[in-house]
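The values are calculated or read from the model by the stated rules, or taken from the named source; none is laboratory data. Predicted model, so just to flag it, every value in this text is computed and none were measured. For neighbour counting, all protein chains shown are included, and Cβ atoms are generated from backbone atoms with ideal geometry for every residue, glycine included. When the accessible area is computed, the model is the full protein with side chains, heavy atoms only, and any ligands, DNA or RNA have been set aside. Shrake-Rupley method; radii C 1.70, N 1.55, O 1.52, S 1.80 Å.
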Amino acid sequence: MLKDKIKLEMNLNIRHKHITCRGRLFGWGERTFIMGIVNASPDSFSGDGASSTGSAIEQAIRFAAQGADVIDAGGESTRPGSAQIQSDVEIARLIPIIQHLSRELDVPISIDSYKYDVVQACLQAGAHIINDIWGLQYDARLAELATEYNAPIILTSNQNNAPCAGDIMATVKSDLLRAIGICRTAKVPDEHIIIDPGIGFGKTHEQNLDIIRRLDELRELGYPILLGASRKSLIGNALNLPAGERLPGTAAACAIGIAHGADIIRVHDVHFMAQMAKMSDAVIRRS
């Protein structure tokens, strides 16, 4: 009994307790960190795509004031059935936003892209974190950029090209270990790796629910966990609600995720979700 308890506590430990990004300390396990989503794509699935560069910048500034610890900027919709856009279009959408935010805000800026040239341009423009929804499947060279720019990288487990017919958590862990191996080969420091199980990326409704239910199983990999469930179809399917009405469902999914080990939640509704995270932390982390 005691042996099992000690083993469980060891599995819940993160190998690297903290990182510093843009002068901000991210102490994993101390509290839940908030990543605010800024969509510069007009066809975002969630209906919150920015209509202009100015509106995207205003949204990011508002999110930072509401408690976002990271601003995650994306220029291409990744909703089911969306078409890939050209890199130059994506870059044109993102660079003015990143340049402005890197001057006006002191929070780290994450670039939500899986394309080498887009990520490179955004890092050069002032972005600080790479958020790769393909977990280095699309372009493994993003790990080299993470090393070159000393940038943390978020690795997402994505099954869009290879749906899982078996145990989803075993598949997610295997996929993340593959991506972690690429990072290590590229000499990305272990403390710069963040893992994301990839809610909604090639998974069924039941698999998405199972991931949240079993999120703590990812702790054994030893990396901080990002959970991106905000407004996604698992909530729409469970509640039969459109994206704009999924705030309570998002709060429930994220609160359960925090209870099972999420260190960062990626959200559309920063003000409300920051309050939810603080209350969850007060109960779960006693902080």
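Take the alpha carbon atoms of the chain, find their radius of gyration, then divide it by 2.2 N^0.38 Å using N residues; give the quotient.
Dividing the Cα radius of gyration by 2.2 N^0.38 Å gives 0.93.
Can you tell me what share of the DSSP beta bridges in the chain is antiparallel? A percent to the nearest 5 is fine.
The antiparallel proportion sits near 15 percent.
For the chain, with a Gaussian network of springs between Cα atoms less than 10 Å apart, report the residue from Leu145, Leu209, Leu25 with the top mean-square fluctuation.
Judging by the Gaussian network model, the answer is Leu25.
Only helical DSSP H runs with n ≥ 4 go in: add -39500 (n - 2.57) per run for the chain, normalise by residue count and round the 222 nm mean residue ellipticity to 500 deg cm²/dmol. Spell out each step's value before the answer.
Numbers: 10 runs with 121 residues, N = 287.
For the chain, the value works out to -13000 deg cm²/dmol.
Accessible area of the chain with a 1.4 Å probe: how many percent of it is carbon plus sulfur?
53
Using a/c under 1.5 as the rounded threshold, could you call region 94-251 rounded, prolate or oblate? The axes a ≥ b ≥ c are square roots of the C-alpha gyration tensor eigenvalues, and prolate needs a/b larger than b/c, oblate otherwise.
Note, shape of region 94-251 comes out oblate.
Convert each backbone phi in region 65-74 into a coupling constant with the Karplus relation 6.51 cos²θ - 1.76 cosθ + 1.60 (shift: θ = phi - 60°), then list the ³J(HN,Hα) values in order as whole Hz, x for Gly and Pro.
5, 7, x, 5, 8, 9, 9, 9, 9, x
Multiplying the sequence separation of Arg213 and His18 by 0.36 nm and subtracting their Cα-Cα distance, what value in nm do you get?
This chain segment gains 67.7 nm when fully extended.
Calculate the dipole size of the chain relative to its Cα centre from +1 charges on Lys and Arg beta carbons and -1 charges on Asp and Glu beta carbons; express the result in debye to the nearest 20.
720
When a/c is below 1.5 the answer is rounded, else prolate if a/b is larger than b/c, else oblate, so apply that to region 190-287 with a ≥ b ≥ c taken from the square roots of the Cα gyration tensor eigenvalues. Working shown, then result.
Working: a/c = 1.82, a/b = 1.20, b/c = 1.52.
Taking the square roots of the gyration eigenvalues as a ≥ b ≥ c, region 190-287 is oblate.
Could you order peptides 86-93, 32-39, 268-275 by the average number of other Cβ atoms within 10 Å of their residues, highest first? Walk me through the numbers on the way to the answer.
Values: 86-93: 16.5, 32-39: 25.6, 268-275: 19.8.
Going from most to least packed, we get 32-39, 268-275, 86-93.
Which value, in Å², gives the accessible area per residue of the chain when a 1.4 Å probe is used on the protein heavy atoms?
43
With each pseudo-label sitting 7 Å past Cα toward Cβ, what's the Glu206-Ala238 distance in nm, one decimal?
1.6
Work out how much length Asp190 to Asp117 would gain on full extension: take 0.36 nm times their residue separation and subtract the Cα-Cα distance, in nm to one decimal.
23.9 nm
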